[in-house]
1. At 222 nm, what value in deg cm²/dmol follows for the chain if DSSP H runs of at least 4 each add -39500 (n - 2.57) and the sum is divided by all its residues, to the nearest 500?
2. Dividing the alpha-carbon Rg of the stretch 535-676 by 2.2 N^0.38 Å yields what?
3. If I take the Cα coordinates of the stretch 598-676 and project them onto the principal axes, what are the three extents in Å, biggest first?
4. May I ask you to derive the FRET efficiency for Ser6 and Arg29 from their Cβ-Cβ distance with R0 = 45 Å, giving the value to the nearest 0.05?
5. Could you pull the Rg and Dmax for the stretch 409-565, using just the Cα atoms, both in Å?
6. Report the net charge of residues surrounding Ser576, where surrounding means a beta-carbon distance below 15 angstrom and charges are Lys +1, Arg +1, Asp -1, Glu -1.
7. Diagonalise the Cα gyration tensor of the stretch 476-583 and give the resulting equivalent ellipsoid semi-axes, square root of 5 times each eigenvalue, largest first, whole Å.
8. Whole percent per 10 Å bin, from 0 to the bin with the longest distance: what is P(r) over all C-alpha pairs of the stretch 1-157?
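Derivation of every value follows stated rules applied to the coordinates shown; laboratory data play no part. In this text the structure is predicted, and so the values were computed from the model without any measurement. Glycine gets a Cβ as well: all are built from the backbone with ideal geometry, and neighbour counts include every protein chain shown.
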Amino acid sequence: MENNNSKQEQLDQYRVQNTGKPMTTNEGRKISNDQETIKAGVRGPSLHEDYWFLEKMSHFNHEEIPERVVHARGYGAYGEFECYQSMSQFTSAKFLSEPGKKTPLLCRFSTVQGAKGSYDTARDLRCLGVKMYTEEGNYDLTTIAMPVLIIQDPMKFPDSMHAYQNKQDDGIPTATGAHDRFWDFVANNPESIHMVTWIMSDRGVIKNYRVMESWSINTYLFINDEGIATFVRFVWKPVLGVHSLLHDEALKIGGLDPDYHRRDLREAIDRGAYPEYELGVQLIPMEDEFKYDFDVLDPAKFWPEEVVPVQLIGKMTLNRNVDNYFAELEQVAFNPANVVPGIGFSNDPVLQGRLLTYRDTQQHRLGSANYDELPVNRPLCPFHNNTRRGYMRMRIDVDQVNYHNNSLANNTPHTSKPEEGGYVHYPKKVEGHVIRGRSESFNDFFSQPRIFWNSLSPVEKQHTIQAFSYQLGKVKSESVRQQNVNLLANVDQELATVIADNIGVERPTGTHVQVSTSYPSLSQTSTPKSAYTLKVGVLIGNGFDASEVQATLNTLQQGGVFVEIVSERLGVVTGSDGTELKVTQTFLTTSPYLLDAIYVVGGKGTYEEKFEQDILNYVRVAYTHYKPIGVATSGGSYIETTEKNNLHGVVFAKDRPEFANEFINAIAQQRFWDRK
């Protein structure tokens, strides 16, 4: 396990290179014709003896598997986890036992609502599943991009998803909750308003997977060698900080590039800009279970970082793209029950429900109880038990004894004592009457949404109002719109009043809960900012000043900025001194919505009027979306100061020797909200 490439070496035995090889049937017979079926004469009927057509076509007919009921659309990559410090004080998990210890992994990001064919940037709660191939077995850590869940009991999960997904009659809408049924569910299940408020905030439209923060939501246990347990929640914090799209950008990009998040992740890894996420844990001693003003087992409540600090214990680095999307990302199967010694389960009701359901859904989707034998799901450590049969059994167990206890095989495979690595469930104390119900401590539905709202910046609040107004504005039922406004009044009366006016219903008469607490950790305003890996479009034509432009490009590339040379056609643009730059995108093939910043150079185009209009359009979109804009000396005519603008975040090169560095600083800022 000290070899960081151990999982890749295991997978190598399954990787096959077909290039340069003769075509054969699956049984190995070489094919002489792959163009036409066998017929009785060139105009005659096809014959049943065409075994190759039958094999080829029947495999095609069966090559899709049922898509995930939720999390259908996703993407991922391989990487490794490196432990920062020993956590043996709290857990006996070996992958957390010593500083510098590395564990190979595969992760998969996903949306929730949309089908496989939906688009990446839809407003949604996104998820991250990480499968760590540890020396003690596979550990699946599943998280989502918000610290709270929409329900408090697993019994309601099918209802929430039925309401969230598209309608049964017409299958509309795709990848959005902006419809009557979802908001009817929200209005009549008040515990859902907390997560919904997070989804309506900027957190619901993440910029890309590389800047997605995600939480375990559920409460797990760390258990050390002495058998002492500690409540734990996990959080992945992206090293690049947490950043979001604007609502308008998310909608536009969904049409321009439905694979925006997938493409971004793959391109970053291909360029060697490996995404990094630090793993944080929040720890609460078991004896402090009732110390807080929130229930530590309630999945619809967050643990404030200011109250329960986050301790960073390691880092995940994604450093290899998958070779085959279907084999590696469609067939990967996560299950929160896949833990290792030292990690256990609390009485969190949703977690308890998840422990029972994941294996069932994976078995249905992948067609066999043997899905864990698929290469991507295989653990690195040896595995032995008395399971033998089932559809698509891959391993060939050569011993004849498949029961326990036995004497013929000396009672093997044998169980292991805890000191030998055997997993032992933590002996939680359990008492009470058998009952369908939930703890009264779960029933404060509005204090934490109020805290979240209080913690948002004015810009974030404006965006959240816009999202609520858009989603509820799509609701046809006036009664449902009114119910949601009345519900939102418990979170913030002004928020509900503005939305009521926007969606044409009566202003609410109630008022919000009297909570004034706010936490800086809940806002994105203090997140790390960097120009590294942001994409800058260079708007350029022939005749540019090569000296100035090349110096700027060199500085951008040294700062790790991704540069796209954008012009009217592919090929090259030529500077005044004959310098050539390769054009990587045209005004048609990319869009200002797909760029994080623009560098306006200008120059000469073949169709001058069209060239000028294209640049002006890019400038207009970038400016109105608060993006950084760099202006070369030759590009000054494309943007000028007027009474209607203040040009905040616009950096001019003319007479500014430090232009390139100032532009990089502006790119790192990413948005200039005080722009007008």
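1. The helix-only estimate for the chain comes to -7500 deg cm²/dmol at 222 nm.
2. Compactness ratio reported: 0.95.
3. 35, 27, 22
4. The formula returns an efficiency of 0.80 here.
5. 28.0, 84
6. -3
7. 54, 20, 9
8. P(r) for the stretch 1-157, in whole percents per bin: 8, 22, 22, 23, 14, 8, 3, 1.
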